[in-house]
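Notes follow once the structure below has been shown.
The values are calculated or read from the model by the stated rules, or taken from the named source; none is laboratory data. In this text, all values refer to a predicted model and were calculated from it rather than measured experimentally. Every residue, glycine as well, gets a Cβ built from its backbone with ideal geometry; the counts of neighbours run over all protein chains shown. Calculation scope for accessible area: heavy atoms of the full protein, side chains included, ligands and nucleic acids excluded. Shrake-Rupley method; radii C 1.70, N 1.55, O 1.52, S 1.80 Å.
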Amino acid sequence: MSNTPTNGKIGVTSENIFPIIKKFLYSEHDIFLRELVSNAVDAISKLQTIARTQSEDILLKDLAVKVSIDEKAKTLSVEDNGVGMTAEEIDRYINQIAFSGAEDFLKKYDSPESQIIGHFGLGFYSAFIVADKVEIDSLSYKKDSKPVHWTCSGSPEFELSTGSRTERGTTITLHLSNDSEKYLQRNEVEGLLKKYCRFMPVPVIFGKKQEWKEGKMQDTEEDNIINNVKPLWMETPASLKEEDYLNFYRELYPGSDDPLFYIHLNVDYPFNLRGILYFPLIKETIDPQRNKIHLYCNQVFVTDQVEGVVPEWLYLLEGIIDSPDIPLNVSRSYLQQDANARKITAHIGKKVADALADLYKNDRPSYEEKWKGIGLFVEYGMLTDEKAYERLKPAMLLKDTAGKLYTLDEYKALVGANQTDKDETLVFLYATNAKDQYLPVQNAIKAGYNVLLMDGPLAMPFVNMLESKEEKLRFARVDSDSLSHLIPKKVEEDEGKKLEHADLLQSLFATSQPSLDKKIFTVELDPLLTKEDAPTQIVSNEWMRRMKEMSRFQSGASFYGELPDSYVLKINMHHPLIQTILDSASVSLGKAYDEKNDDLKQLEEKRKKLVESFEGKPEEDLSEEQKKQRKELTGSIDQLNEDKEKLVQGYVKEHKICGNLWDIALLSSGLLSGERLHDFIQQCETSLLNKLTSEEGK
């Protein structure tokens, strides 16, 4: 090449290629540094391949990539001592955009050992994202090569001339634009290098290591090597110990608790896949952060958005996946779905599911010890992946309120005989909070039942899924109804016998019910409760409660979450205290209540016959007399109901026992609070004081 500079135009199909690169091709401006360092690593990898495959004598000592900044000149440089370029190669690989030097090189030196990062030939031009001007100084490894200098100011025009470089390799110098001067800060650049270049296969040097001296950070003599050229996932699993995996995890996630366990991926066929996935210790609530798995391509960081590569149920895992076979777009910033990517996704899911199953089979005590953390992944996998459901089901465990763990088949065998209802459906009783639901749990245990503890963040979706998958299986929360209704057996003939004055009993408790914010109560007489059961108990409707809980997971069902909580007060018709209350009210209200009740029945019968007499007739065809009779009957019925209600209200106001039973039921269900709880405590204190005074008087 002559000493006279050569001017020309870069071979592009559009005069606006540089704005396109800057605004659209790369999703993150920071990626320019990754691309330039990757190209520099490519140049060194090419040199190593040539030295290994050719007879030429090439010095491979101290191979490295050096990154430097010059604050005064406002430049950032990336230098390597790799193959370098001739003027012809610069024209071929730089001036002709998208003519990939890596692909051309691989055709010439085709080798399975070659690890060339470049793929699209566009990485170099990412420099114009942050630079107003870019210079290349290069000297090829080839004998008698001359140094080359190339410069371009962000337009298709360039200048190519003889350079001054004396050593093999290439230096890319970026003259940073005014809005990119942050890349002149040491911390900014070092942070990017550690993010993107932390595990590149060639040493990446950024200045010297620093230490605190004389009141400030100062350079030492030691090179500041950013990366680990032989990361753990590139080693063979057989050569590693558990401590190696734990130390690597601590390096990746400093300050985190040690993981539950890990899986080393090492696949060469039908695709290349390496990596280490860790099961982290999950806290009480799910961490919404889903970018703990980092995707690499030949040890170059690509992204932490791994949707499409890792199955959804493993998003909460941590670690690294490295594969050159996962398709990327030209900026290597977004994954592209294709058949190969889907195969890799399926393999990762299978590998993890099999590892969990193997741990369960080979070391169940250790598996149970880690179940609290593992269980979330197992449940999520079974919920979201049909294949994972089948693989994980044998290793899925259920925990009861005593802390014992069972497989699904083991638990069915345990409770099958006692917890099968009259319809031959197996009922799994469960609690979501063992403390808050202590009394119903204990009542179930006393009755000979076992109660599961379903307190995980995915409990409700998981319960619904198991019910849909397993035949003749139903879950029932232990406080959602009385035990006789949760697991109904065959009803004896004398059970359910109608109680005399049942309407009065229901009216007494309906009249004395509390008014609590966003809570609705109904009163129900329960003929299946026994004398041993509590006189009253509050239960919540299983279906409505599940809908409200599921509304957190289903956006279309969010309106359920806005509905008030619905509860039922169950009255034990066979309890002596309830019978005593009914007897007392019957005596106290006496004939007045019974007469109004009888009159009400007669009027209801009259209105029924009257309505039947003109059934089917439109309103306008009714005579005035018929309308008058209907109105008078309705008015009389309403008046009698009002009179009955006043009688009941008078009794309830004078006798506090119904309200007290409400309070006890509310307290047992964790619903008694505020002013009502304060009043209840005061009543108890007064009662105890009166009892103590009475005993002292005796």
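Which of the residues that make up segment 568-615 are surrounded by 15 or more Cβ atoms within 10 Å (Cβ to Cβ) and in contact with a Pro (Cβ under 9 Å, 6 or more places away or on another chain)?
Of everything in segment 568-615, those that are surrounded by 15 or more Cβ atoms within 10 Å (Cβ to Cβ) and in contact with a Pro (Cβ under 9 Å, 6 or more places away or on another chain) turn out to be ILE571, ASN572, MET573, HIS574, HIS575, ILE578, ILE581.
Does segment 98-121 hold any residues that are open to solvent by 20 Å² or more (accessible area, probe 1.4 Å) and either modelled with pLDDT of 85 or more or under 26 Å from VAL189 (Cβ atoms) (or both), and which are they?
The answer is GLN115, HIS119, PHE120, GLY121.
Can you spot a residue in segment 583-590 that is closer than 23 Å to GLN639 by Cβ, free of Cβ contacts under 8 Å to residues at least 24 places away in the same chain and either outside any helix (DSSP H, G or I) or of a type outside the set (Ser, Thr, Tyr) (or both)? Steps first, please.
As a first pass, look at segment 583-590 and keep what is closer than 23 Å to GLN639 by Cβ: 585-586, 588-590.
Among the residues that remain, those that are also free of Cβ contacts under 8 Å to residues at least 24 places away in the same chain are: 590.
Checking which are either outside any helix (DSSP H, G or I) or of a type outside the set (Ser, Thr, Tyr) (or both) leaves us with 590.
Yes, segment 583-590 contains at least one residue that is closer than 23 Å to GLN639 by Cβ, free of Cβ contacts under 8 Å to residues at least 24 places away in the same chain and either outside any helix (DSSP H, G or I) or of a type outside the set (Ser, Thr, Tyr) (or both).
Of everything in segment 373-398, what is in a strand (DSSP E or B) and surrounded by fewer than 20 Cβ atoms within 10 Å (Cβ to Cβ)? Give them in sequence order.
First, pick out the residues of segment 373-398 that are in a strand (DSSP E or B): 397-398.
The one that is in a strand (DSSP E or B) and surrounded by fewer than 20 Cβ atoms within 10 Å (Cβ to Cβ): LEU397.
Any idea which of ASP598, ASP679, ASP643, ASP638 is in a helix (DSSP H, G or I), of a type in the set (D, E, K, R) and in contact (Cβ under 8 Å) with a residue 40 or more places away in the chain? Explain how you work it out, then say what you get.
Numbers: ASP598 fails: in contact (Cβ under 8 Å) with a residue 40 or more places away in the chain; ASP679 fails: in contact (Cβ under 8 Å) with a residue 40 or more places away in the chain; ASP638 fails: in contact (Cβ under 8 Å) with a residue 40 or more places away in the chain.
None of the other options fit; the residue is ASP643.
From the residues in segment 140-156 that are free of Cβ contacts under 8 Å to residues at least 40 places away in the same chain and among the hydroxyl-bearing types (Ser, Thr, Tyr), which one is least open to solvent (accessible area, probe 1.4 Å)? Quick ask: steps written out before the conclusion?
Here is the first cut: in segment 140-156, the ones free of Cβ contacts under 8 Å to residues at least 40 places away in the same chain are 143-144, 147, 149, 151, 153.
Cutting the leftovers down to among the hydroxyl-bearing types (Ser, Thr, Tyr) gives us 151, 153.
Numbers: THR151: 25, SER153: 80 Å².
By that ranking, first place goes to THR151.
Residue by residue through segment 413-425, note down the ones that are surrounded by fewer than 18 Cβ atoms within 10 Å (Cβ to Cβ) and either under 29 Å from the mean Cα position of the chain (by Cα) or of a type in the set (A, V, I, L, M, F, W, C) (or both).
If we filter segment 413-425 for residues that are surrounded by fewer than 18 Cβ atoms within 10 Å (Cβ to Cβ), which is where we start, we get 413-414, 416-418, 420-425.
Hits for segment 413-425 are ALA413, LEU414, ALA417.
Quick check on my filter: what residues within segment 659-676 are open to solvent by less than 20 Å² (accessible area, probe 1.4 Å) and acidic (Asp, Glu)? I'd like the intermediate steps shown before the answer.
Here is the first cut: in segment 659-676, the ones open to solvent by less than 20 Å² (accessible area, probe 1.4 Å) are 659, 661-663, 665-666, 672.
Of everything in segment 659-676, just one residue is open to solvent by less than 20 Å² (accessible area, probe 1.4 Å) and acidic (Asp, Glu), namely ASP663.
Just to be sure I understand the filter: pairs with C-beta atoms under 7 Å, separated by 6 or more residues or on different chains, first member in segment 157-174 and under 18 Å from ALA43 (Cα atoms) and of a type in the set (Lys, Arg), second member open to solvent by 20 Å² or more (accessible area, probe 1.4 Å) and outside any strand (DSSP E or B). Which pairs pass?
Partner pairs satisfying both residue conditions: ARG165/PRO147; ARG168/ASN81; ARG168/TYR141.
When segment 44-93 is examined, which residues are found to be over 22 Å from GLY207 (Cα atoms), among the aliphatic types (A, V, I, L, M) and loosely packed, with under 13 Cβ neighbours inside 10 Å?
Within segment 44-93, just LEU59 meets the criteria.
Run MET460 past the list (1) closer than 30 Å to TYR262 by Cβ; (2) assigned to a helix (DSSP H, G or I); (3) in contact with a Phe, Trp or Tyr (Cβ under 9 Å, 6 or more places away or on another chain) and report the number of the one that doesn't hold.
Here MET460 meets the rest and fails (1).
One residue is enough: does segment 372-382 have a residue meeting the conditions farther than 18 Å from SER468 by Cβ, under 24 Å from the mean Cα position of the chain (by Cα) and of a type in the set (Val, Ile, Thr)? Break it down stepwise before answering.
So the first thing to find is which residues in segment 372-382 are farther than 18 Å from SER468 by Cβ, and the list is 372-377.
From what's left, under 24 Å from the mean Cα position of the chain (by Cα): 372-377.
Then keep just the ones that are of a type in the set (Val, Ile, Thr); that gives 374.
Yes, some residue in segment 372-382 is farther than 18 Å from SER468 by Cβ, under 24 Å from the mean Cα position of the chain (by Cα) and of a type in the set (Val, Ile, Thr).
Does segment 616-626 contain at least one residue that is touching a residue at least 40 places away in the same chain (Cβ under 8 Å) and either open to solvent by 30 Å² or more (accessible area, probe 1.4 Å) or assigned to a helix (DSSP H, G or I) (or both)? Steps first, please.
Quick first cut of segment 616-626, residues touching a residue at least 40 places away in the same chain (Cβ under 8 Å) only: none.
There is no residue in segment 616-626 that is touching a residue at least 40 places away in the same chain (Cβ under 8 Å) and either open to solvent by 30 Å² or more (accessible area, probe 1.4 Å) or assigned to a helix (DSSP H, G or I) (or both).
Each row is one residue, and each column tells you yes or no for (1) over 30 Å from ALA43 (Cβ atoms); (2) open to solvent by less than 20 Å² (accessible area, probe 1.4 Å); (3) not in a strand (DSSP E or B).
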residue	(1), (2), (3)
MET200	no, yes, yes
MET217	yes, no, no
ASP223	no, no, no
PHE248	no, yes, yes
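Checking the structure you have, find out if any residue of segment 652-675 is touching a Cys at 6+ places or on another chain (Cβ under 7 Å) and touching a residue at least 60 places away in the same chain (Cβ under 8 Å).
Taking segment 652-675 and keeping what is touching a Cys at 6+ places or on another chain (Cβ under 7 Å), we get 652.
Still in the running and touching a residue at least 60 places away in the same chain (Cβ under 8 Å): 652.
Yes, segment 652-675 contains at least one residue that is touching a Cys at 6+ places or on another chain (Cβ under 7 Å) and touching a residue at least 60 places away in the same chain (Cβ under 8 Å).
Return a yes/no flag: does segment 179-194 have any residue that is β-branched (Val, Ile, Thr) and either exposed (fewer than 15 other Cβ atoms within 10 Å of the Cβ) or part of a loop (DSSP other than H, G, I, E, B) (or both). Let's see the steps before the verdict.
Initially, segment 179-194 is screened for residues β-branched (Val, Ile, Thr), giving 189.
From the residues that got through so far, the ones that are either exposed (fewer than 15 other Cβ atoms within 10 Å of the Cβ) or part of a loop (DSSP other than H, G, I, E, B) (or both) too are none.
No: segment 179-194 contains no residue that is β-branched (Val, Ile, Thr) and either exposed (fewer than 15 other Cβ atoms within 10 Å of the Cβ) or part of a loop (DSSP other than H, G, I, E, B) (or both).
Hey, among the residues in segment 225-243 that are surrounded by fewer than 13 Cβ atoms within 10 Å (Cβ to Cβ) and among the charged types (D, E, K, R), which one's nearest to GLY191 (Cα to Cα)? Before the answer, list the steps.
If we filter segment 225-243 for residues that are surrounded by fewer than 13 Cβ atoms within 10 Å (Cβ to Cβ), which is where we start, we get 230, 236, 238-239, 241-243.
With among the charged types (D, E, K, R) added as a condition, the list becomes 230, 241-243.
Numbers: LYS230: 20, LYS241: 30, GLU242: 29, GLU243: 27 Å.
Result: LYS230.
Here are the criteria: (1) of a type outside the set (Ser, Thr, Tyr); (2) over 15 Å from SER480 (Cβ atoms); (3) modelled with pLDDT of 85 or more. Tell me which single one LEU516 does not satisfy.
Here LEU516 meets the rest and fails (3).
Hand me the list of strands (runs of 3 or more DSSP E) wholly inside segment 124-166 holding 1 or more residues that are more than 27 Å from LEU184 (Cα to Cα) and small (Gly, Ala, Ser).
157-162
Which one is nearest to PHE199 (Cα to Cα) among residues in segment 250-266 that are in a strand (DSSP E or B) and open to solvent by less than 20 Å² (accessible area, probe 1.4 Å)?
Only one residue tops the list, namely LEU265.
One line per residue, one yes/no per condition, for (1) small (Gly, Ala, Ser); (2) modelled with pLDDT of 85 or more; (3) touching a His at 6+ places or on another chain (Cβ under 7 Å):
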{"site": "GLY659", "(1), (2), (3)": "yes, yes, no"}
{"site": "SER673", "(1), (2), (3)": "yes, no, no"}
{"site": "PHE680", "(1), (2), (3)": "no, no, no"}
{"site": "LYS698", "(1), (2), (3)": "no, no, no"}
